[in-house]
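Engineer: Can you keep this structure in mind? I'll have questions shortly.
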Amino acid sequence: MISAKNLTKQFISSKKKPGLLGALESLFYREPVIKNAVESFDLEINQGEMIGLLGPNGAGKTTLMKMFTGIIVPSSGELKILGHEPAQRHKEFRKNIALVMGQKSQLWWDIPAMDSFLLLKRYYEIPELEFKQRVTEMAALLNVESLMNIHVRRLSLGERMKMELMASLLHSPKVIFLDEPTIGLDLVAQENIRQFILDYHRKTHATLIITSHYMADVQALCQRLVLIFDGKKAFDGPLKTFETILGNDKIVSFQFADSLTEDAALFADFSPVYQEDRKGVELKIPLEKLRAVTSEALEKFDITEFNTDKMPIEKVMKTLMTNPQLLKRHSL
Amino acid sequence: MNASALKWWETIQIAWSKYTAYRLNFFLQVLGPAFVFFFIKYNLWSAIYGGDQDILIAGYTFQQMITYHIWAMIVGLIAQGHTALNLAEEIRLGKISTYLIYPFQFWEFHTAHFIAFQWLQVLTSAVTVLLLALMSLLTVPSFALILTGLTYCLFVSVFWFALQYLTGLLGFWLEETWILRVILQIMTGFLSGAIIPLDFYPEKFVQFLNYTPFPYLTYFPIKIFMGEMNQIGSAYGIMAFWIVLLWLANHLIWKKGIRLYTAAGM
């Protein structure tokens, strides 16, 4: 379905010194800077998979997405999607993909969303009946029926994003690329968008590739993660494996009714971090000992609150981003 | 209509709604510059002729000179009206990405916009001619003459569009192309007879100009409308040659340029 081998993209830009002198100098000479935005990237994705493409800013996620959608041409390597080379931008290929960009509007600002949809209906040659059915269904799901005839520039970001999603899915694409689809949205809107995407996937079994900095998106949508650091693939595997990439330890925190007077022997083996008022502690407990330790703690102390990590991937992601060298140890 | 024709038609309709979305802006953009230009010219030539109705300058009476400039304005509207094509900015800001994904080519999209724009320009021109005729500033020529002139102007506008498109595509290499477009417009203004009739220039220079596309852009169509032109065939031939040349150049430049496109900001 999607197959990338040795995919590389180089960008050439130029350095410019600051100030007037720098500006004048740049008129005559500019030092070229070559950067590998994506380097020797291999990836295999099967029909119906939902993949989270993660990485820090500037790691090359968007460059990859641009190559996948045929917007930019790879510098070298091989890329096949649905049997096509995206950079050729074959009509058949374009008819079967969609790109949703959270940061950029694809709808025309000065006309209502419905007008854009009608245009897309022609571009993708969607039969009248199917078009009507899809628009009605999606508009109801996203709760935007009353907004279809309002100029896009008058919609709120959340409303516009819903319209963008609709516009991208009207033609039932087989492969959908979502570049930060929930960026800048409030929590309810984020949840709506996620639900909608999940629903769409369940119905159509399309292949989805998602980039996002919100781990909640990834948690909700992706079964498999691909991590990209500095243009290179750093991890590729199931979400479950990723969660335990730094070990099987669970982060557990306890809050006590009264301050502890001394360090508890029970916690000593689990690298305890006490709060300043000693009314709380955070522990790293191996999964197999979790049950024993917590029940003993509940017995021994007057515990008012007890938490385990809700989102282990967020923690893993943060740790990896601040200590990329850890990845080398854990890499494939 | 087949699927492809429907795509074009729908795009043209969208273009109309976009062009007319801001009404005041639309009217100002289409009518404003032409009228301002015309009244500056009217006053300028009135001053030059000094109220003398019989004096001949470069073979033109005052009345003929004003007629010439009215037609220059109309020709400008139809043949060279489409100047808003800012491909360079779209390329620099990464705005063309969307069109690279839709199953409708980038050039098709812009050409459909051009066609939509031309319809509006023809309409505007018709209203302008009618108004000027009512003000008895202009004698409306025969229907046959209007049809001949209009057809030729539309043909020339294809050349102008292709040229604008070419300067826009240079945006793949240059960050800004507006200065190029301004130079092109000023040069065209002088060399095509839009600012002063070519009869004012030395004969040798005009002979040289005839080998360039410039005189065929404005001077020729003005003369068609004024009923003083009988070399339309050769003008069509020359412009067809330039259009094909530009089309080929655009094709090659796009193929090379798109490899450099970085889709900045996606």
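The values are calculated or read from the model by the stated rules, or taken from the named source; none is laboratory data. Fair warning: this is a prediction, and the values are worked out from it, not measured in the lab. Cβ atoms come from the backbone with ideal geometry, glycine included; neighbour counts cover every protein chain shown.
Engineer: Give the residue that is surrounded by the fewest Cβ atoms within 10 Å (Cβ to Cβ), with candidates limited to residues of the stretch A:64-88 that are within 9 Å of another protein chain (Cβ to nearest Cβ) and assigned to a helix (DSSP H, G or I).
Structural biologist: Step one: filter the stretch A:64-88 for residues within 9 Å of another protein chain (Cβ to nearest Cβ), giving A:65-66, A:69-73, A:87.
Those left that are additionally assigned to a helix (DSSP H, G or I): A:65-66, A:87.
Values: A:Met65: 23, A:Lys66: 28, A:Ala87: 18.
Of everything passing the filter in the stretch A:64-88, A:Ala87 is surrounded by the fewest Cβ atoms within 10 Å (Cβ to Cβ).
Engineer: I would also like to ask the following. Suppose we keep only residues that are at positive phi and under 22 Å from the mean Cα position of the chain (by Cα) within the stretch A:60-81. Which one would you say is modelled with the lowest pLDDT? Give the steps one after another, and end with the answer.
Structural biologist: Applying the first criterion (at positive phi) to the stretch A:60-81 yields A:60, A:70, A:77.
Now narrow it down to the ones that are under 22 Å from the mean Cα position of the chain (by Cα): A:60, A:70.
Details: A:Gly60: 90, A:Gly70: 93.
Among residues in the stretch A:60-81 that are at positive phi and under 22 Å from the mean Cα position of the chain (by Cα), the one modelled with the lowest pLDDT is A:Gly60.
Engineer: If you take the residues of the stretch A:98-110 that are in contact with a Phe, Trp or Tyr (Cβ under 8 Å, 6 or more places away or on another chain) and of a type in the set (A, V, I, L, M), which of them is nearest to the other protein chains (Cβ to nearest Cβ)?
Structural biologist: Narrowing the stretch A:98-110 to residues in contact with a Phe, Trp or Tyr (Cβ under 8 Å, 6 or more places away or on another chain): A:98-100, A:110.
Checking the rest, the ones that are also of a type in the set (A, V, I, L, M) come to A:98-100.
Working: A:Ala98: 8, A:Leu99: 5, A:Val100: 11 Å.
Going through the qualifying residues, I end up with A:Leu99.
Engineer: Scan B:Gln207, B:Gln231, B:Gln185 and give me the residue that is farther than 25 Å from B:Trp45 by Cβ, out of contact with any helix residue (DSSP H, G or I) (no Cβ under 7 Å at 6 or more places or on another chain) and at pLDDT below 90. Steps first, answer last, please.
Structural biologist: Details: B:Gln207 fails: at pLDDT below 90; B:Gln185 fails: farther than 25 Å from B:Trp45 by Cβ.
After applying the criteria, what remains is B:Gln231.
Engineer: Could you tell me which residue of the stretch A:111-131 is farthest from the other protein chains (Cβ to nearest Cβ), considering only residues that are crowded, with 16+ Cβ neighbours inside 10 Å and of a type in the set (D, E, K, R)?
Structural biologist: Residue satisfying both the conditions and the ranking: A:Lys121.
Engineer: While we're here: Does at least one position in the stretch A:89-97 carry a residue that is in contact (Cβ under 8 Å) with a residue 60 or more places away in the chain, at the interface with another protein chain (Cβ under 8 Å from one of its Cβ atoms) and surrounded by 21 or more Cβ atoms within 10 Å (Cβ to Cβ)?
Structural biologist: Yes: one or more hits.
Engineer: Under 6 Å between Cβ atoms, at least 6 apart or on separate chains: pull out the pairs that start in the stretch B:34-61 with a residue that is of a type in the set (S, T, N, Q) and end on any residue that is assigned to a helix (DSSP H, G or I) and surrounded by 11 or more Cβ atoms within 10 Å (Cβ to Cβ).
Structural biologist: If the second residue must be assigned to a helix (DSSP H, G or I) and surrounded by 11 or more Cβ atoms within 10 Å (Cβ to Cβ), the pairs left are B:Gln53/B:Phe62.
Engineer: From the list B:Ile195, B:Ile253, B:Ile243, which one is surrounded by 14 or more Cβ atoms within 10 Å (Cβ to Cβ) and assigned to a loop (DSSP other than H, G, I, E, B)? Step through it out loud before you land on a result.
Structural biologist: Working: B:Ile253 fails: assigned to a loop (DSSP other than H, G, I, E, B); B:Ile243 fails: assigned to a loop (DSSP other than H, G, I, E, B).
When all the criteria are applied, what remains is B:Ile195.
Engineer: Give the number of residues within the stretch A:227-256 that are in contact with a helix residue (DSSP H, G or I) (Cβ under 9 Å, 6 or more places away or on another chain) and not polar (S, T, N, Q). First the steps, then the outcome.
Structural biologist: Within the stretch A:227-256, the subset in contact with a helix residue (DSSP H, G or I) (Cβ under 9 Å, 6 or more places away or on another chain) is A:227-229, A:231, A:234-235, A:239, A:242-246, A:248-252, A:254.
Those still in the list that are not polar (S, T, N, Q) too: A:227-229, A:231, A:234-235, A:239, A:242-243, A:245-246, A:249-252, A:254.
Count: 16.
Engineer: Which members of the stretch B:39-64 meet the condition of being in contact with a Pro (Cβ under 8 Å, 6 or more places away or on another chain) and surrounded by 13 or more Cβ atoms within 10 Å (Cβ to Cβ)? Let's see the steps before the verdict.
Structural biologist: Residues of the stretch B:39-64 that are in contact with a Pro (Cβ under 8 Å, 6 or more places away or on another chain), as a first pass: B:58, B:60.
If the condition is that a residue be in contact with a Pro (Cβ under 8 Å, 6 or more places away or on another chain) and surrounded by 13 or more Cβ atoms within 10 Å (Cβ to Cβ), then B:Tyr60 is the only one that fits.
Engineer: Go through A:Glu25, A:Glu39, A:Glu31, A:Glu49 for me and flag whichever is surrounded by 14 or more Cβ atoms within 10 Å (Cβ to Cβ), over 24 Å from the mean Cα position of the chain (by Cα) and among the acidic types (Asp, Glu). Spell out how you get there, then give the answer.
Structural biologist: Working: A:Glu39 fails: over 24 Å from the mean Cα position of the chain (by Cα); A:Glu31 fails: surrounded by 14 or more Cβ atoms within 10 Å (Cβ to Cβ); A:Glu49 fails: over 24 Å from the mean Cα position of the chain (by Cα).
The unique qualifying residue is A:Glu25.
Engineer: Among the residues of the stretch A:150-206, which ones are free of Cβ contacts under 8 Å to residues at least 24 places away in the same chain and among the polar types (S, T, N, Q)? It would help to see each step written out before you state the result.
Structural biologist: Narrowing the stretch A:150-206 to residues free of Cβ contacts under 8 Å to residues at least 24 places away in the same chain: A:154, A:156, A:159, A:187-188, A:191, A:195, A:198, A:202-203.
Matches in the stretch A:150-206: A:Ser156, A:Gln195.
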